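Some notes on the structure that comes next.
The values are calculated or read from the model by the stated rules, or taken from the named source; none is laboratory data. All figures in this text were calculated on a predicted structure; none of them were measured in a lab. Neighbour counts run over all protein chains shown; Cβ positions are idealised from the backbone, glycine included.
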Amino acid sequence: MSRLESGFTLVELVVAMLVAGIVLAIAVPAFNDFHARGAIRATAADFITAVNTARMQAVSLRTTVTLKPIEGQNWAGGWQIEYPADITSEKNQEFRPQGSSAVVPDAALNQIEFRSSGITSAGEVKFTLCDDRTGEQGREITISPFGKITNETKSCS
């Protein structure tokens, strides 16, 4: 009487686990890099949204609207759109960077004011968006005095 046996031998199971371990060792760092690049893109999009919103609101409300760091002069911790106290129809909005990415101005800058004409009080300003990885691609966001935004890749150091 012959009986068919099915299942895995111990050797087959060990080989399968070894192959799975090798695949994971390659995939996890690649996934982390993919996630970090996505966080930089999301932070850049949030920052550009905040700049555009502040400028648009300054023009539509005919008042000065301020974009500034949430904490003192530390843009890396997040930024907020601040409306004048006499504007009760709008609430201040806060934005936080994604992942380990940070927004850093190229020069000391404690705020950007958008006047009712849409022009900034700070002239041209540049911000660099990088994360804690060195030698990777980040973003450089330039805001012209008239509110035009350019978003380019920049090597992080």
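Results for (1) in contact with a strand residue (DSSP E or B) (Cβ under 6 Å, 6 or more places away or on another chain); (2) over 30 Å from Thr66 (Cβ atoms), shown as yes or no for each residue.
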{"residue": "Glu12", "(1), (2)": "no, yes"}
{"residue": "Met17", "(1), (2)": "no, yes"}
{"residue": "Val28", "(1), (2)": "no, yes"}
{"residue": "Asp33", "(1), (2)": "no, yes"}
{"residue": "Ile40", "(1), (2)": "yes, no"}
{"residue": "Thr43", "(1), (2)": "yes, no"}
{"residue": "Asp46", "(1), (2)": "yes, no"}
{"residue": "Asn52", "(1), (2)": "no, no"}
Selection status of Ile26, surrounded by 11 or more Cβ atoms within 10 Å (Cβ to Cβ), in a helix (DSSP H, G or I) and either out of contact with any Cys (no Cβ under 6 Å at 6 or more places or on another chain) or at pLDDT 90 or above (or both): no
Residues within region 117-133 that are touching a helix residue (DSSP H, G or I) at 6+ places or on another chain (Cβ under 6 Å) and closer than 17 Å to Thr64 by Cα, tallied: 1
Among (1) farther than 13 Å from Phe47 by Cα; (2) without any contact (Cβ under 8 Å) to a residue 24 or more places away in the chain; (3) small (Gly, Ala, Ser) - the single one Ser116 does not satisfy: (2)
Close pairs (6 angstrom Cβ cut-off, 6 or more residues apart or separate chains): farther than 12 Å from Val65 by Cβ in region 84-112, of a type in the set (Asp, Glu) and outside any strand (DSSP E or B) anywhere: Phe95/Asp46; Ser100/Asp131; Ser100/Asp132; Ser101/Asp131
Residue that is farther than 28 Å from Ala36 by Cα, modelled with pLDDT of 90 or more and among the basic types (Lys, Arg), where the choices are Arg115, Arg139: Arg115
From the options Arg55, Arg96, Arg41, residue that is crowded, with 16+ Cβ neighbours inside 10 Å and within 21 Å of Arg139 (Cβ to Cβ): Arg55
